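Report on the following structure.
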Amino acid sequence: DERGHNQASFSSKAPIEDISGTASGLGGTVSFDPANVPGTIKADITVEVASMKTGIDMRDDHMRGDKWLDAAKYPTITFTLTKLKDAKIQKGTELRGIAVGTFTLHGVPQTVQLPVTLTYMPASEKTKARAAGDLLVVRAKGKVSLTKAGVRSELLGSKVSDEIEFEFNAVGSNAVK
């Protein structure tokens with residue numbers, strides 16, 4: 001986001017109500033070789049369900065509760081990159097492609113293909129303010145089905161859409177930790 005923090009956002013557009021929110025508990029690992037980002041990139045992204053907020057505390061409690069995402073039983077949502085396909089350099093150090101991988105929500109893995117933009121930033125005095133090493137900015141968008149993930153509710157389809165749209169923005173570094 002504009003403060004330089006990794007962030008995920010999500011939204012549901014249903015007939016009765018539109019819901020949007022963010023998750024600040026975004027972490028994981030990204031590794032890559034700057035000489036061959038498409039062929040070497042590996043990524044595991046994790047979102048803490050407890051960090052998801054919609055702006056209404058009661059709704060957030062329901063969302064994290066056992067009838068929805070069940071944060072006690074399934075504390076994280078994960079994405080593991082399997083491959084990057086159709087990668088094309090757009091301008092300078094920006095690469096666009098399709099991230100293929102496994103999105104696990106509510107303990108159920110789903111194969112997804114996400115449009116992704118990767119921006120490579122070689123280590124410099126400017127990038128050191130964010131993190132050591134070469135940086136890779138990852139921006140992706142996608143959709144995931146709640147029913148395919150095993151979430152069941154009489155409110156699905158009317159108050160909460162089955163398809164949840166999500167977006168994430170993260171920065172990875174190839175600095176050895």
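With contributions of -39500 (n - 2.57) from each DSSP H run of at least four residues, the per-residue ellipticity at 222 nm computed over the chain stands at -2000 deg cm²/dmol. Summary value for the chain: 24 percent relative contact order, contacts being C-alpha pairs under 8 angstrom separated by 6+ residues. Largest to smallest in accessible area, the residues GLU17, GLU154 fall in the order GLU154, GLU17 (1.4 Å probe, all protein chains included).
Take every Cα pair under 8 Å whose residues are at least 6 apart in sequence, average their separation, divide by the length of region 12-87, and the relative contact order is 30 percent. Taking the average, over residues, of other Cβ atoms within 10 Å as the packing measure, peptides 48-56, 133-141 rank 133-141, 48-56 from highest down.
Can you sort HIS106, HIS62 by 1.4 Å-probe accessible area, starting with the largest?
HIS62, HIS106
Lys/Arg Cβ at +1, Asp/Glu Cβ at -1, dipole of region 110-171 taken about the Cα centre: which of GLY142, PRO122, VAL160 is farthest positive-ward? Farthest towards the positive end: PRO122.
Charged side chains reduced to their Cβ positions (Lys and Arg at +1, Asp and Glu at -1) give the chain a dipole of some 460 debye around its Cα centre. Convex hull volume of the C-alpha atoms in the chain, normalised per residue: 125 Å³. Each principal axis of the Cα cloud of region 91-152 was evaluated for its coordinate range; sorted largest first, these ranges are 50, 23, 13 Å.
Checking the table LYS42/LYS143; LYS128/LYS148; LYS88/LYS159; LYS13/LYS73; LYS83/LYS126; LYS67/LYS143 against a 32 Å threshold on Cα-Cα, which pairs fail? LYS128/LYS148; LYS88/LYS159, as the Cα separations exceed 32 Å there.
The values are calculated or read from the model by the stated rules, or taken from the named source; none is laboratory data. As the structure is a prediction and not an experimental result, all values here were calculated from the model. With ideal geometry, Cβ positions are generated from the backbone for all residues, glycine too; neighbour counts draw on all protein chains shown. Heavy atoms of the whole protein, side chains included, go into the accessibility calculation; ligands, DNA and RNA do not. Shrake-Rupley method; radii C 1.70, N 1.55, O 1.52, S 1.80 Å.
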